[in-house]
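Here is the structure we will look at, set down as structure tokens.
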Amino acid sequence: MNENIIIKTGEITNENVCAIVDAANSSLMGGGGVDGAIHRAGGPAILEACKKIRQTQYPDGLPTGEAVATTAGNLPAKYVIHTVGPVYHNCGNRCDSLLAAAYENSLKQAMKLGCKDVAFPAISTGIYGYPKEAAARIAYKTVKAFLSKGHDIKVYFVFHSNENKQFFEKVVGQ
Ligand code: AR6
């Protein structure tokens, strides 16, 4: 058990942490699920910042597994880190590495921002269809490996339902 990993239920938009992670899509223009919730609760400043990133850095969209940071607008968090998890039915033999990259690149962004805490949703396990058990193992393993390198940051896994939280705890043995 790692004391810098906290598993909880909640609404990620309410998390009072330095950065929350958005399970976005390549367009960065918003969508459903947790992405929709973040844009709704955070207000238009987030979309404005995403549009700038598209124009200046990623005209063809943010590649799967990459992460970028914006303001969190009206949210209690300071930043939103937008990452793109793999779509399970078309990631082939790269599913695991792309999901791990989404977590790792988000953590790197959080460190770059000087964050001491960051909250993750269960990337790719909703609309993108990643099997929950496999996704849980990859998420936990990637975060644990990152923390074991000595990075000083608290990582929250925020689940929308108690059922999903309990499932995650069981899978990762915490
Ligand atoms: N707080 C915490 N977790 C949430 C919340 C919330 N407010 N809302 C949903 N979840 P999903 P994906 C959980 O579908 O699979 C969007 O349209 C949800 O129960 O949000 O990566 C994007 O624009 C699930 O466990 O993200 C992309 O097009 C997890 O968050 C696409 O969906 C992720 O589900 C990304 O799909």
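Counting charges near Pro59 (Lys, Arg +1; Asp, Glu -1) among other residues having Cβ under 15 Å from its Cβ returns a value of +1. Note on Glu3 and Leu47: the extension gain reaches 12.4 nm, defined as 0.36 nm multiplied by sequence separation minus the Cα-Cα distance.
In the chain, which Cys residues have no partner Cys with a Cβ closer than 4.7 Å? That list is Cys50. Of the accessible area of segment 120-170, computed with a 1.4 Å probe over protein heavy atoms only, carbon and sulfur atoms account for 52 percent. Taking only the C-alpha atoms of segment 89-174, Rg followed by Dmax gives 12.8, 35 Å. Accessible surface ranking for Thr56, Thr142, 1.4 angstrom probe, highest first: Thr56, Thr142.
Within segment 5-172, all pairs of alpha-carbon atoms sorted by distance into 10 Å bins from zero give the percentages 11, 44, 38, 8, 0.
A 1.4 Å probe run over the protein chains yields, for the chain, 48 Å² of accessible area per residue, whole-number rounding. A simple charge model with +1 on the Cβ of Lys and Arg, -1 on the Cβ of Asp and Glu and nothing else charged puts the dipole of the chain at about 220 debye relative to its Cα centre.
A straight Cα-to-Cα reach below 29 Å connects Lys165 with the lysines Lys8, Lys78, Lys108, Lys112, Lys116, Lys132, Lys141, Lys144, Lys149, Lys154, residues fewer than 8 places away in its own chain not being considered. With a simple spin-label model that places each label point 7 Å from the Cα along the Cα-to-Cβ direction, the separation between Glu163 and Asn90 comes to 2.9 nm.
Across segment 1-104, Cα-Cα pairs farther apart than 20 Å form 40% of the total. Dipole check for segment 56-145: with +1 at the C-beta of Lys and Arg, -1 at the C-beta of Asp and Glu, and the Cα centre as origin, the magnitude is about 280 Debye.
Tell me which of Tyr58, Gly173, Gly150 sits at the most positive position along the dipole axis of the chain, charges placed on C-beta atoms (Lys, Arg +1; Asp, Glu -1). Checked the options; the winner is Gly150.
The values are calculated or read from the model by the stated rules, or taken from the named source; none is laboratory data. Model, not experiment: these values are computed from the prediction. Glycine also receives a Cβ, built like all others from the backbone with ideal geometry; neighbour counts cover every protein chain displayed. Surface accessibility is based on the protein's heavy atoms, side chains included, excluding ligands, DNA and RNA. Shrake-Rupley method; radii C 1.70, N 1.55, O 1.52, S 1.80 Å.
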